[in-house]
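The block underneath contains the structure these notes are about, expressed in structure tokens.
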Amino acid sequence: MWRYINGRISRRFLSTSCSSARGWWDHVKPAPKDPIVSVNEAFLSDPFPHKINLGMGTYRGDDGKPFIPQCVRDAEKKIQRCKLEELNCSAVRTKFVEECVKLAYGDDSYVVKEGFFAGVPTLSGTASCRLFAEFQRHFYPESQMYLPDPTWSNHHNIWRQAEVPVKTFHYYHPDTKGLDFSALVSDVKNAPDCSFFLLHPCAHNPTGVDPTEEQWREISYQFKVKNHFPFFDMAYQGFSSGDLDKDAMALRIFLEDGHLIGCSQSFSKNMGLSEHKVGCLSVLCQSTKQVAALKSQLQLMSHAIYSSIPFHGISLVAKILSDPDVEALWRKEIKVMANRIEAMRTTLRQYLENLESPFNWKHITSQVGMFCFSGLTPDQVKKLEKLFHIYMTLDGRISMAGVTTSNVAYLANAIHQVTRIHEEALSSCYV
């Protein structure tokens, strides 16, 4: 080590050799790659001119390019008219959180009127989930988080890194390609009282399978019986039905039933603000005293993780949500985006059925939102990549935002070919 002697640094006390210093990180192994990142890397390295990327998690237009809604451009112009010194950063952040809570629970909800919520801006939905995981670990150190099976792959990473044990509950039924509702309810009933559950309120990622209103009411009732805590990760509000309020139905049912709720919101997809990383974490409270306590804790924890998020993105979202004209335009544009995805679902199914595929493709149109859980096997997904330069995650999740009028026929034919090869191979085993 170095040591000062008479105000000078002496080399005589340097005890660590260069060779041992190089050993600091020898035990560190490469982390497993995120499946979505791996898909994007493989796609980018493929020189084939007509390749298709169906692994993306953000919306794209029918031209296959990232889509920036006009409402965002209008909000940006309005913000630019304000002098920087006229913008009170603290007030804008407070306004942002309030508008996010209104979007989730409705303008007329009692939590908005009474101010019974604690919230902070976050770095998109990922940081929102991570911050809640940190909050959960700190105040309920013996708890665990129940995640739907399947769920967004990063959910497991987030709670694992926060050192919160993870369990799963039944959600998707691979045979029906729909909701395994009875098994879901059974898991809710059998979980220990006062458990934490993560729920997707709309456009479930990766399956595109959402409970009906009646099913949400039953889930809420069972949560109430067991005193479970619902944490909603709402990354795709608007993409399920094209209606922002309808897509918030699950949260409002739980609110109506008297639950305290945690909610993560992201505007990366429904406002096209992926690069701005704008999100919000809010937790409902029972009193103003609770609000003050929770808000101070969330602020303290967020400051330790990322301090604060870029101000421009918060300003954009706050302006869109609070300006009646801009918000009305956003609602129209969300409907257009959702309609395009729905149209691509219908077209893809029609092409597959016109090819006289022996498989049932009804789930393509019965599922909703950004993703279609196709039912393709990992082997079939690999064949799509190798033979047709079509990229998706190995679980067969198709990002419908990557399907366009110019590539949907090619995609349908490719799916038909790889599923037919699989069917023929199975048939040959019995000959």
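The values are calculated or read from the model by the stated rules, or taken from the named source; none is laboratory data. Just so we're clear, the structure is a prediction, and the values are computed from it rather than from any experiment. Counting neighbours? That spans all protein chains shown, and the Cβs are built from the backbone with ideal geometry, glycine included. Side chains are part of the model used for accessible areas, which takes the heavy atoms of the whole protein and leaves out ligands, DNA and RNA. Shrake-Rupley method; radii C 1.70, N 1.55, O 1.52, S 1.80 Å.
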How many residues of segment 189-240 are of a type outside the set (Gly, Ala, Ser) and in a loop (DSSP other than H, G, I, E, B)? The answer is 19
Across segment 299-313, the tally of residues that are open to solvent by 20 Å² or more (accessible area, probe 1.4 Å) and in a loop (DSSP other than H, G, I, E, B) stands at 4
Check: Hey, any hits in segment 325-334 for a residue that's at pLDDT 95 or above, out of contact with any Lys or Arg (no Cβ under 6 Å at 6 or more places or on another chain) and within 30 Å of Arg420 (Cβ to Cβ)?
Finding: no
Given the conditions (1) surrounded by fewer than 18 Cβ atoms within 10 Å (Cβ to Cβ); (2) modelled with pLDDT of 95 or more, every one holds for Pro66 apart from (2)
Taking segment 228-274 and keeping only residues that are within 15 Å of the chain's Cα centre (by Cα) and charged (D, E, K, R), one is left with Asp233, Asp247, Lys269
Looking across segment 242-298 at residues that are of a type in the set (Asp, Glu), in a helix (DSSP H, G or I) and open to solvent by 10 Å² or more (accessible area, probe 1.4 Å), the single one that is farthest from Tyr110 (Cα to Cα) is Asp245
Leu316 vs. criteria open to solvent by 10 Å² or more (accessible area, probe 1.4 Å) and either touching a residue at least 60 places away in the same chain (Cβ under 8 Å) or acidic (Asp, Glu) (or both): no
Flagged in segment 21-50 as open to solvent by less than 90 Å² (accessible area, probe 1.4 Å) and either acidic (Asp, Glu) or within 24 Å of Gly208 (Cα to Cα) (or both), in numbering order, are Asp34, Pro35, Ile36, Val37, Ser38, Val39, Asn40, Glu41, Phe43, Asp46
Of those in segment 393-418 that are assigned to a loop (DSSP other than H, G, I, E, B) and not β-branched (Val, Ile, Thr), the residue least open to solvent (accessible area, probe 1.4 Å) is Gly396
Counting only residues in segment 221-241 that are surrounded by 21 or more Cβ atoms within 10 Å (Cβ to Cβ) and hydroxyl-bearing (Ser, Thr, Tyr), the one nearest to Ser264 (Cα to Cα) is identified as Tyr236
Selection from segment 231-260 of residues free of Cβ contacts under 8 Å to residues at least 60 places away in the same chain, farther than 26 Å from Thr58 by Cβ and touching a helix residue (DSSP H, G or I) at 6+ places or on another chain (Cβ under 6 Å) yields Ile253, Phe254, Asp257
Filtering segment 277-289 for residues that are over 28 Å from the mean Cα position of the chain (by Cα) and in contact (Cβ under 8 Å) with a residue 12 or more places away in the chain leaves a count of 2
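The rows are residues; the columns are (1) surrounded by fewer than 18 Cβ atoms within 10 Å (Cβ to Cβ); (2) without any contact (Cβ under 8 Å) to a residue 60 or more places away in the chain; (3) in a strand (DSSP E or B); (4) touching a Lys or Arg at 6+ places or on another chain (Cβ under 7 Å).
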{"residue": "Ala118", "(1), (2), (3), (4)": "no, no, yes, yes"}
{"residue": "Leu131", "(1), (2), (3), (4)": "no, no, no, no"}
{"residue": "Glu134", "(1), (2), (3), (4)": "no, no, no, no"}
{"residue": "Ser143", "(1), (2), (3), (4)": "yes, yes, no, no"}
{"residue": "Pro148", "(1), (2), (3), (4)": "no, yes, yes, no"}
{"residue": "Glu163", "(1), (2), (3), (4)": "yes, yes, no, yes"}
Of those in segment 347-364 that are open to solvent by 40 Å² or more (accessible area, probe 1.4 Å) and part of a loop (DSSP other than H, G, I, E, B), the residue farthest from Ile415 (Cα to Cα) is Lys362
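What residue, of Glu114, Glu99, is buried (at least 19 other Cβ atoms within 10 Å of the Cβ) and acidic (Asp, Glu)?
Glu99
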